[in-house]
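Please read the structure below before turning to the comments.
Read-outs throughout are calculated quantities, based only on the coordinates presented, and are distinct from any laboratory measurement. These numbers come from a predicted model, not from an experiment. Reconstructed Cβ throughout: ideal geometry from the backbone, glycine too, with neighbour counts over all protein chains shown.
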Amino acid sequence: MLIGEVARRSGVSARMLRHYESLGLVRPSGRTDGGYRAYSDEDIRRIFHIESLRSLGLSLREVGRALDDPGFTPSELVDDLIRQTRERVAAETELLTRLHRIGAAEPAGWEDVLRTVALLQALGSKSARTRQRAALSSAEGEPVAVEALVEAVLRESDPIVAGALRWALARGAEGGAALLAQGLAAPVAEVRERAVRALAGIPDEEATVPLREALAHPDAVVREHAALALGARGVAEAVPALVDMVVEERNDVDAADVLSTLANRPGAADGIAAALVGRLVPGAAGAPARRRLAQALADIPGATAADALAELARDEDRSVALTATYVVELRGGR
């Protein structure tokens, strides 16, 4: 079969067939009387074999090895192809993500595009100082997609840079709360904590909704940050979680402060005092927990808290009794 017929049937151009021949990948088995290349059935099968290997991403050099090297091991090559393909997909995904972010920033011209690209590169810099400057500049009106800020804050380990990113999000990055809420479902605990801390810094109702939902989160750290943030916003639903924090000695001082603030809202004191007193059931709380509960009751106004403290002043544990007595004296002197 002549080269033109082979090209037509195989889909490989005559020029490429000549290139294969020059590389020694396939050689026509014979020649016609006129000196033209003549390909046998075996030659054509080899051409299709070459094309199949190329479709997997092999270079022509690797194709030659696969066809002619007796010591060639396909498994190693396949593993290498998998790695290369993953790297290529990752690079293309990163490019697609970057293009999406540039588009989300709604650039008015090429100057805006270049400024957005520079900002995205700075947010991904290895330098903490560069990332911090990028976060602060994004809060000053630079065009940047909120997705970029959220992704940056969820991966940021430097506390100073993380604070700058949370501040940038809190300054009105529309849609940030919904994206951060997705971070609460991350498999990595550090990412979940970064997400809830960033949510806590967003002051409007957009963040309050996912924070309420976070009160039932299986991660205790997420629940704690959500409770502290909600309590500071006057949300009474946070009270049970805040009381748990006092009893279990997890950010108990901060929790007690928030409970005190909530208790000074009209009509809230008795309910909060009752929630604290309810944890004083005999056998339910050890001496350290009773002592922390006495301290938390110190700034809760009303008779419920006063009666509980009077009872704790007679506690069998000396440290609890002394703490409660001291609190009672402080309250009496006000």
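Listed by Cβ neighbour count within 10 Å, with the fewest neighbours leading, ASP80, ASP299 appear as ASP80, ASP299.
Here the gap between LEU67 and ALA38, fully extended at 0.36 nm per residue and compared with their Cα-Cα distance, gives a gain of 8.3 nm.
How would you rank THR323, THR208, THR85, THR130, going from fewest to most other Cβ atoms within 10 Å of each one's own Cβ?
Values: THR323 22, THR208 18, THR85 12, THR130 15.
Least to most surrounded, the residues fall as THR85, THR130, THR208, THR323.
Each Lys or Arg adds one and each Asp or Glu subtracts one; over the other residues with Cβ under 14 Å from the Cβ of GLY4, this totals +4. Among the GluC sites (Glu not before Pro) within the range 278-330, those in coil by DSSP and having at most 15 neighbouring Cβ atoms inside 10 Å are GLU316. Under Stokes-Einstein, with the Kirkwood radius over Cα pairs as Rh, the value for the range 3-72 at 25 °C and 0.890 mPa s is 196 µm²/s.
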